[in-house]
Amino acid sequence: MNPESAGVELAEPHLRGLLASAGLDVAYVRAEGNVLYRQDDDGRETPVIDFAGGYGSLILGHNHPEIVARAKELLDGQAPIHAQFSAHPYATRLAAELNRIIHRETGIEEPYYATFANTGAEAIEAAVKHAELDRVLRQTELLAEIEAAAKEAEAAVREGTAAVPDAVHARLGVERPAAGEDPLAPLLAELDRRNALVSSRPPVFLALEGGFHGKLMGSVQLTHNEGYRAPFASLGVHARFVPRGRPDALKEVLEESRANLLQLGVEGGEIRLVERAHPVFGAFLLEPIQGEGGIQPLTPEDARHIQEFADASGCPLVIDEIQSGMGRTGALLSSSQLGLRGDYYALAKSLGGGIAKASVMLVREARYRAQFELVHSSTFAKDAFSCHIGLKVLELLEADNGRAYQQATERGAALEAALERVRAAFPDVVEEVRGRGLMLGFEFRDQSGASNEVIGGAARGGLFGYVIAGHLLNGHAIRTFPTASAVNTLRFEPSVLLGDDEIERLETALTDVCVILREGASDRLVLGG
């Protein structure tokens, strides 16, 4: 049997069925600016305002003419896509331009080295792998120093220039050897045993509750949503999730996780025990604005506490700017607006200009390990096409003294004002409007207890946000979706091309939704085109 001729769908049919149940299984035929086009039954194109924005991938809109022109130029010029293991000057230029902007926004002068990838989740995986490589190498270097110090102590005792006081034996719980026996042998054995126990501990990776960092084998374990994470609990790295707004929780993590290795030293003719801090922390992952967690911005207070924790513990910060970065909040790095300084940055989505599949992991020089470049690679990363598109995106963001950043701020303020007007008019229906710039969330109050069975049932079944999105699409030609881990929150991540008329249409549409919910009028929901 030919599945295609028999009408059998093989490309994620279950997902298609879920989309169909909410009226979201729409095929789009064209895209331009802030608009997607679908075909009606007569083959005519119908415009749909795109407020989902490719989950943050379209800060400059669909098929931006200058990006498209650059793509055509690259393809017509037969730019090499597959030239792995050769010089990539365009990647060097892209990394340098990213550094220039990051230095301007953060005030940091230290260079960041770039590892390119294809998706955001891959950039996160690269950051986590690099952080663990750095941690292991730091541990190896520390253990080598401890071993060298032990040999120096042995030599001092053997030469009679240092003695072993009883206090050292007592602290390690080792009896003093009999006369004529090696006075250090039992101490070194106990030291090795204790250090082996500490150094064999698994690394501590931290992430914020509500965070989302991807669904690959490693990144899914750093994503808080248990529905994504639990089926794969036996795979990959494991994270400890830290609540936002709880600086005391960070102190608890530091106290519970810190550990010391023991080293022998010689001081004043005696052998001493020296504690050396063990590099137990792998990394702390965070999003400046949690996207899939419901568009939850990190507060300046949280940012300050996390930065203080990182500085005190030596735990590297991996700042996930995949959705919040690339100008969406009025800066290349949303975290720079909070005063955060990342050891690692992950950028993706809009880096590809809505055309290329591109991402990058950036690591600061003090953490950079050159050998990582030999143990990590990607067939499609760092190619001429995606790097040149990334350069064009940065050129457009930076043009006219950063006009695009200003547009994101101004358009975001106008959009937020409209959402706030709806919230103020329907406080019984709308819980909160939150976010920053062109990354905003609109949270409805819990409808699981609604008297209307259609609305209440959708809420209890976790489909409420999708049903509302289906109505907005089919009833108002507006496209958006709920956030993945907070389905009562609709996401609004349009491009900087967002117009006042489009904002007005959204305000009208959301007002309609709120009236339907207030009146329990599920019969007025439009879930089919």
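Here are a few things to note about the model shown:
- One residue alone among GLU125, GLU147 is among the acidic types (Asp, Glu), closer than 27 Å to VAL204 by Cβ and either in contact with a Pro (Cβ under 7 Å, 6 or more places away or on another chain) or buried (at least 19 other Cβ atoms within 10 Å of the Cβ) (or both), and that residue is GLU125.
- The residue pairs whose first member lies in the stretch 231-255 and is closer than 17 Å to GLN307 by Cα, whose second member is of a type in the set (Gly, Ala, Ser) and in a helix (DSSP H, G or I), and whose beta carbons are closer than 6 Å, counting only pairs six or more residues apart or on different chains, are VAL242/ALA249; PRO243/ALA249; LEU254/SER313.
- Single residue of ALA87, ALA96 found to be at pLDDT below 95 and open to solvent by 50 Å² or more (accessible area, probe 1.4 Å): ALA87
- The set of residues from the stretch 486-495 being β-branched (Val, Ile, Thr) and open to solvent by 10 Å² or more (accessible area, probe 1.4 Å) comprises just one member, VAL487.
- A Cβ distance below 9 Å, combined with a sequence gap of six or more or placement on separate chains, defines the contacts here; from the stretch 507-528, residues that are loosely packed, with under 14 Cβ neighbours inside 10 Å reach residues that are outside any helix (DSSP H, G or I) in the pairs ARG518/PHE426; ARG518/ASP428; ARG518/VAL429; GLU519/ASN452; ALA521/ASN452; GLY528/GLY23.
- Positions within the stretch 372-399 being without any contact (Cβ under 8 Å) to a residue 24 or more places away in the chain and either within 16 Å of ALA331 (Cβ to Cβ) or in contact with a Cys (Cβ under 7 Å, 6 or more places away or on another chain) (or both), in sequence order: ALA399
- LEU74 vs. criteria closer than 30 Å to LEU374 by Cβ, assigned to a helix (DSSP H, G or I), open to solvent by less than 20 Å² (accessible area, probe 1.4 Å) and in contact with a Phe, Trp or Tyr (Cβ under 7 Å, 6 or more places away or on another chain): yes
- Listed by position, the strands (runs of 3 or more DSSP E) contained in the stretch 239-321 that have at least 1 residues being within 20 Å of the chain's Cα centre (by Cα) are 239-242, 281-286, 317-320.
- Residue within the stretch 7-29 that is under 30 Å from GLU398 (Cβ atoms), touching a His at 6+ places or on another chain (Cβ under 9 Å) and open to solvent by less than 40 Å² (accessible area, probe 1.4 Å) present: no
- Matching residues in the stretch 31-47 - criterion: being touching a residue at least 24 places away in the same chain (Cβ under 8 Å) and not in a strand (DSSP E or B): ASN34, ASP40
- Subset of the stretch 359-415 that is in contact with a strand residue (DSSP E or B) (Cβ under 6 Å, 6 or more places away or on another chain) and charged (D, E, K, R) - its residue that is farthest from LEU98 (Cα to Cα): LYS382
- Taking the stretch 177-200 as the range and being assigned to a loop (DSSP other than H, G, I, E, B) and touching a residue at least 12 places away in the same chain (Cβ under 8 Å) as the test, the residues that pass are PRO183, LEU184.
The values are calculated or read from the model by the stated rules, or taken from the named source; none is laboratory data. In this text the structure is predicted, and so the values were computed from the model without any measurement. Positions of Cβ are backbone-derived with ideal geometry, glycine not excepted, and every protein chain shown enters the neighbour counts. Areas reflect the complete protein model, heavy atoms only, side chains present, ligands, DNA and RNA absent. Shrake-Rupley method; radii C 1.70, N 1.55, O 1.52, S 1.80 Å.
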